[in-house]
Amino acid sequence: MRGLCRAHYSLWAAVFKRRGLEDSEENLAAWAATMPGYEPLPPCLVLGCSPESAVRARLCPTHYYRWQARGEEARGSVESWASRQAPYLRGNQISLAPLAPVTRLEVLFALQQRDTVGRKLDPRATRSIVTQFLDLPSLVLAPPESVTRQAFGRTTSVIAHAQEMLRHLRMAFDDFNGIDATQRVVWDLPALGIGSATGVRPRRHAGTADFTEIRQPWLQAVVMQWARSSNPTGGKLSTRMAACLVASRALALRPGGGMDPGVLGFADMTAVVAAFRTLLRKDGRPYSEKHRHTALSNFWQILEFGRFAGMLDTLPGLFGRHPAHRIALPEPNEDEIGKAVPESVIAQLDCLQDTLGDSLSHGSMPSEEVKEMCRTLYAVMRDTGRRPNEVVTLKVGCLERVDGRYNLIWDNNKGKRLRRRLPIDIEPRRSSSGGNAAWPHWPTSSTVTAICFPLPRSARRRGISERTSPPACFGFGWTPCRNWTPRSPARTASRCRSTGP
């Protein structure tokens, strides 16, 4: 305070009041020059604590209050108590002094590993973790119940920091003892480097793979060996394990529980397939045929891997794929799927065709031709029900006439089935042939591009083409309709109320 310690400032306050002096800086400096200084106070007994001791126990005020709060019987000598205390910390500081010697080194190693991989260090979370480790002589040798998720409270950052610390320590401890982590029946997926569900980026959340749920030892060994050999993503490992778990539960209900692979036969595989055919979700709803078909295929692929690896030499051939064990997939005829837009909405949109393509530019194309192209694009999507990306990639000559009827030749890009034929009952003028008649300069089949709805020249100059960049072609063709439809209902309410069905 004003350059004085608390004791000297109290003396100065008494002096200038008693002598009637003015409390000015000049009087204060003159008085301070005549006063002797005090010896510095001893530091606080807690190592690293910056505040000076202010009491006879040689503790700073903060630690003195903590020592007094423990009670006379529990606190013991002040020196032994201070040796296990953290110093006074600021918000960006942590201290490992309260921990046991081995635990202190373990936490320090875990923090170094977290910093090495570029993860953020949270001082507040680390201080909370240190308080939970006070009574543990070692973390890797600690009882499992003392380092569970519930032991660290409910704060997400604290739980995440603690679990990652334990993961780094267990990995290092296993490596030191020459233990292969993949030999365990419960795998820690982040510790083994098994990525996320897609495998595109590293796993950021905790996850385990518990192979003990597969009851048959031979099936469990095959699944674990497949996981070691193929290094799957988290999603693929989860689906294969789920499929093998369904088969394991079905075999457990058979005579012998499926423990001896040498006695399994056709009837056992039939029981397994029946379990896949009646597979249900957790809420009791049935899975789709495609999901059940995929799950059964995953189980068969595990069996094939075991046979190729020589792990299932005693498994009979009858316990394998058979035509009778096929889960049929529904084959929807996409050529006959109806339009999802109600007829009432279509009738309302038809009333607004004249406004389609307004204020839209398409390269150097005249505005009337742009409007004609947009109306043709809308008519094709309306009358055929094809996907927008399939319509904008239609080729010149996509209409063929057979016995007075028209077929639309289109490419099913999603199913990768090209040159499909869709019978359509429309007038030629409402299709792309109508647009072709109205556009004499449309590209013909002899030109470089044979697309009915070409991209503007500005896109071609940027290296975009209909064949090499279908998404770009989709954007140029679909944007007019997408921007037009949000404005339609407001106008339709007054203009087409009486024309809708």
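The values are calculated or read from the model by the stated rules, or taken from the named source; none is laboratory data. Values in this document were obtained by computation on a predicted structure and should not be read as measured data. In this analysis, Cβ positions are derived from the backbone assuming ideal geometry, glycine residues included, and neighbour counts consider all displayed protein chains. Quick note on the areas: whole protein, heavy atoms, side chains included, nothing else; ligands and nucleic acids left out. Shrake-Rupley method; radii C 1.70, N 1.55, O 1.52, S 1.80 Å.
The residue pairs whose first member lies in the stretch 251-278 and is under 14 Å from LEU315 (Cα atoms) and touching a residue at least 12 places away in the same chain (Cβ under 8 Å), whose second member is outside any helix (DSSP H, G or I) and among the β-branched types (Val, Ile, Thr), and whose beta carbons are closer than 8 Å, counting only pairs six or more residues apart or on different chains, are PRO261/THR314; GLY262/THR314. Scanning the stretch 321-341 for residues that are aliphatic (A, V, I, L, M) and either open to solvent by 80 Å² or more (accessible area, probe 1.4 Å) or at pLDDT 75 or above (or both), we see that the one that is farthest from the chain's Cα centre (by Cα) is ALA324. LEU11 is checked against (1) more than 30 Å from ALA86 (Cα to Cα); (2) modelled with pLDDT under 80 and fails just one. What number does that condition carry? Single failed check for LEU11: (2).
For the stretch 126-142, the criterion of a residue being at pLDDT below 75, of a type outside the set (A, V, I, L, M), surrounded by 11 or more Cβ atoms within 10 Å (Cβ to Cβ) and assigned to a loop (DSSP other than H, G, I, E, B) is satisfied by no position.
In the stretch 173-186, the condition of being over 24 Å from GLN220 (Cα atoms) and surrounded by 12 or more Cβ atoms within 10 Å (Cβ to Cβ) is met by at least one residue. What do you reckon, is THR156 open to solvent by 60 Å² or more (accessible area, probe 1.4 Å) and out of contact with any helix residue (DSSP H, G or I) (no Cβ under 7 Å at 6 or more places or on another chain)? Yes; evaluated as a whole, the condition is true for this residue.
When the criteria are applied in full, GLY284 fails the requirement of being touching a Leu at 6+ places or on another chain (Cβ under 9 Å) and open to solvent by less than 60 Å² (accessible area, probe 1.4 Å).
Considering the stretch 342-430, there are no qualifying helices (runs of 4 or more DSSP H) wholly inside with 1 or more residues that are buried (at least 17 other Cβ atoms within 10 Å of the Cβ) and without any contact (Cβ under 8 Å) to a residue 12 or more places away in the chain.
With the requirement that a residue be closer than 15 Å to ARG321 by Cα, over 40 Å from the mean Cα position of the chain (by Cα) and open to solvent by 30 Å² or more (accessible area, probe 1.4 Å), what does the stretch 257-277 give you? Correct list: PHE266, ALA267.
Which members of the stretch 1-54 meet the condition of being open to solvent by 60 Å² or more (accessible area, probe 1.4 Å), of a type in the set (S, T, N, Q) and in a loop (DSSP other than H, G, I, E, B)? If the condition is that a residue be open to solvent by 60 Å² or more (accessible area, probe 1.4 Å), of a type in the set (S, T, N, Q) and in a loop (DSSP other than H, G, I, E, B), then THR34, SER50 are the ones that fit.
For the stretch 348-389, residues that are closer than 16 Å to PRO423 by Cβ, among the charged types (D, E, K, R) and out of contact with any helix residue (DSSP H, G or I) (no Cβ under 7 Å at 6 or more places or on another chain) total 1. The sole residue among LEU315, LEU329, LEU303 that is of a type in the set (A, V, I, L, M, F, W, C), closer than 23 Å to GLU213 by Cα and part of a loop (DSSP other than H, G, I, E, B) is LEU315.
Sub-6 Å Cβ pairs linking a first residue in the stretch 97-109 that is touching a residue at least 24 places away in the same chain (Cβ under 8 Å) to a second residue that is assigned to a helix (DSSP H, G or I), at least 6 apart or interchain, are GLU106/LEU169, ordered by first then second residue. A single member of ARG240, ARG215, ARG203 is at pLDDT 90 or above and not in a helix (DSSP H, G or I), and it is ARG215. Looking at the stretch 80-115, which of the residues that are of a type in the set (S, T, N, Q) and either in a loop (DSSP other than H, G, I, E, B) or at pLDDT 85 or above (or both) is least open to solvent (accessible area, probe 1.4 Å)? Across the stretch 80-115, the extreme among qualifying residues is THR103. Take the residues in the stretch 204-254 that are under 19 Å from VAL273 (Cα atoms), within 24 Å of the chain's Cα centre (by Cα) and of a type in the set (Gly, Ala, Ser), then tell me which one is least open to solvent (accessible area, probe 1.4 Å). Here the residue is ALA243. Across the stretch 55-68, a minimum of one residue is classified as within 60 Å of the chain's Cα centre (by Cα), open to solvent by 50 Å² or more (accessible area, probe 1.4 Å) and aromatic (Phe, Trp, Tyr). Annotation for the stretch 20-33: no member residue is among the hydrophobic types (A, V, I, L, M, F, W, C), in contact with a helix residue (DSSP H, G or I) (Cβ under 8 Å, 6 or more places away or on another chain), closer than 30 Å to PRO98 by Cα and without any contact (Cβ under 8 Å) to a residue 60 or more places away in the chain. Residue count for the stretch 283-299 under the criterion of being farther than 15 Å from VAL246 by Cα and assigned to a helix (DSSP H, G or I): the result is 2.
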